[in-house]
1. Every residue in segment 227-275 that is in a loop (DSSP other than H, G, I, E, B) and at pLDDT below 90, please.
2. Please count how many residues of segment 313-337 are under 27 Å from the mean Cα position of the chain (by Cα), surrounded by 14 or more Cβ atoms within 10 Å (Cβ to Cβ) and in a loop (DSSP other than H, G, I, E, B).
3. Out of all the residues in segment 299-308, which are surrounded by fewer than 15 Cβ atoms within 10 Å (Cβ to Cβ) and either at positive phi or touching a residue at least 12 places away in the same chain (Cβ under 8 Å) (or both)?
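The values are calculated or read from the model by the stated rules, or taken from the named source; none is laboratory data. Everything numeric in this text was worked out from a predicted model, so none of it was measured. Here Cβ is always computed from backbone atoms with ideal geometry, including for glycine, and neighbour counts include all displayed protein chains.
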């Protein structure tokens, strides 16, 4: 009883010390819980594309390949807005585990569509010593214009190099460490995974292959070629063949091998491995389901080349004749053309002058972009320049067809004019003549030449009308001199009777037979 008042005394009493201890205990517990609930932060810098193609990339990245409808039901009303209509866009996504309950990481996605050097200050704050190990660079390309791919990629690489060179020393050290980790994954320096090195007594250094990691950026790189469904359209409408598609694939893989980058072709609304590739590059792995990332270099619309998988040997076997060494050397020169001018803070005029100074190298064929665009050309441009390839020659004979309705309208006018001309010709050749019902023997002869002899059957006897008419004429001709001594009326009647007699006599007479009874020509006299 005597101690209670003392314990409730001044600031140095025991209750105050107990309150202080309780406060410290709760603070440490809350800090531990907060750190346990803190989500891993991952960053994706999306370069290139349009606002629509960037949204398409985000939709593909957020879809669940195993059950596409499940995320839509669970995330209905929880999708973060996308602000990418201006210079630097931003949105975020939560990466869910296989059961769609636990959040594995949060993706902060930054989007930039224009590779202008004036936007370099917008990218620079995104690359810090803390963020670089958790950052992935994604370059968006589209199959609607594959002839611009290398030029676009060159501009983005130059912009990135200008930004990375301008960073502070601490950030550069972190970038070197990140690149060393990626190279070690390629070399397979982990002794536990390499047979026969556990007892070697030291680390094993496996050298990189030719062209691998020659131009490391300090940040992982992934190139996404969207709209692979347009490959068939290029083949049908522009006459592209497998040679063009193989050349594009060899060129892109050779270039990305120098940066240690990955490559993937995607098709909207079709299952692909984009999500697995992005998550693997950011070291995001499911705790419930292990997803394996498999390469695909066979299906031309589903190409997938993970980082640290490719090599010159794998690129050569696609098609013979590809100068992989020349392309690699030309690309190393290409990306350094103007990046040092931007890093030194040169003006636009100086950058233009530097581009002009590089013109001779482009003309003599040492520019990687020129080498690429000499084979992969825009079908809409004039392709009659000397040195055009087979694809250009095929495109020269292509013409634009006329609209069907316009063509039919022109044909109606032509038909009306022909109709008027026919009417004029018919009116000019129309000669009035008296109707003559008498048979024209000459005319009938010409007709008979076309239609053949006229025959009919009478009483089972096949009668030739032409032969009958000929006989009547002959008999009438033989009787003509005797008609002069007979009166006109009697002669006409007798001639008529004789014609009938001859007609019936001809009916009963068959070829090869003899007449039954036929009056002699002169019996009537």
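1. Step one: of segment 227-275, the residues in a loop (DSSP other than H, G, I, E, B) are 227, 238-241, 260-261, 266-273.
Answer for segment 227-275, where residues must be in a loop (DSSP other than H, G, I, E, B) and at pLDDT below 90: 238, 239, 268, 269, 270, 271, 272, 273.
2. Residues in segment 313-337 being under 27 Å from the mean Cα position of the chain (by Cα), surrounded by 14 or more Cβ atoms within 10 Å (Cβ to Cβ) and in a loop (DSSP other than H, G, I, E, B): 3 in total.
3. none
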